[in-house]
1. Please list, ordered by chain and number, the residues whose modelled amide H lies under 5 Å from the amide H of Ile8; skip anything fewer than 5 residues away on the same chain.
2. Using each residue's phi in the stretch 49-56, evaluate 6.51 cos²θ - 1.76 cosθ + 1.60 at θ = phi - 60° and report the 3J(HN,Hα) Karplus result to the nearest Hz, with x for Gly and Pro.
3. Name the long-range amide H neighbours of Val53: under 5 Å, sequence gap of 5 or more, or other chain; modelled H, no Pro or chain starts.
4. Taking only the C-alpha atoms, wrap a convex hull around the stretch 13-110 and report its volume per residue in Å³ as a whole number.
5. Could you work out how much longer the chain between Phe163 and Gln114 gets when fully extended? Use 0.36 nm per residue separation minus the Cα distance between them, nm to one decimal.
6. Over the residues of the stretch 82-152, compute the C-alpha Rg and express it relative to 2.2 N^0.38 Å.
7. What are the ³J(HN,Hα) couplings of the stretch 139-154, residue after residue, when phi is run through the Karplus curve with 6.51, -1.76, 1.60 and θ = phi - 60°? Round to Hz, x for glycine and proline.
8. Dipole size in debye (nearest 20) for the stretch 49-109 around its Cα centre, Lys and Arg Cβ +1, Asp and Glu Cβ -1?
Amino acid sequence: VAAGFTMIRVGESVWSRWEPREGEFDLEWLAPIVDAAYQRGIGTVLGTPTYAVPPWLMVAHPEIAAESATGTRVPWGARQEMELGHPAYRHYAERIIRKVVGRYADHPGVVGYQVDNEPGTHLAHNVHVMAEFRRYRGERYPDLVELSRRWNPAHWAHEITDFSQLWTPD
């Protein structure tokens, strides 16, 4: 208050605090902070915790790890080492987001939500990511001539004649 703050951002990157073990939720640990801020006229932006996955999730679902273009899995232990589009990751991420938001949605001090923090540390090249990318490109540019016009792959002799030729970038 003395420094003139009117807003704080809390809750991101702490999935293991919200859900220390699979299906075991602790949604109250942040309440004293949000309450205290509100009592002082400071609004809270609540960050979803999906920026970094808890150890139990990576152990239970190692397939959610992002992979490099060479197929090497990004090692666990930092942040954003998961593949955001993987169905298992999305299932657990949606579940924890719904729990956290459900708990704090009616709190008068919560003025907004931050969906993620600095997305994109790792560009996932997992097999189904590239398959979905090829599918999307085919929908967006069904005509390979239009794709070539926009992407200019001829520059390095990379014009494709079929979407199956679209390579996984490194």
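1. Gly43, Thr44, Val45
2. Calculated HN-Hα couplings, in order: x, 7, 5, 9, 8, x, x, 4 Hz.
3. Amide H to amide H, under 5 Å and 5 or more residues apart or across chains, Val53 pairs with Gln80, Glu81.
4. Numbers: hull volume 9.5 nm³, N = 98.
Spelled out: Cα convex hull of the stretch 13-110, divided by residues, is 97 Å³.
5. On the way: separation 49, 0.36 × 49 = 17.64 nm, distance 3.61 nm.
Result: 14.0 nm gained on full extension.
6. On the way: Rg = 18.0 Å, N = 71, 2.2 N^0.38 = 11.1 Å.
Its radius of gyration relative to the 2.2 N^0.38 Å reference: 1.62.
7. Per-residue couplings from phi come out as 6, 6, 10, x, 9, 5, 5, 5, 4, 4, 5, 6, 8, 6, x, 5 Hz.
8. Values: 7 positive and 6 negative charges, 45 e Å.
For this selection, approximately 220 debye.
The values are calculated or read from the model by the stated rules, or taken from the named source; none is laboratory data. None of these values were measured; they are calculated from a predicted model. Methodologically, a virtual Cβ is constructed for each residue, glycine included, from the backbone with ideal geometry; neighbour enumeration extends over all protein chains shown. Side chains are part of the model used for accessible areas, which takes the heavy atoms of the whole protein and leaves out ligands, DNA and RNA. Shrake-Rupley method; radii C 1.70, N 1.55, O 1.52, S 1.80 Å.
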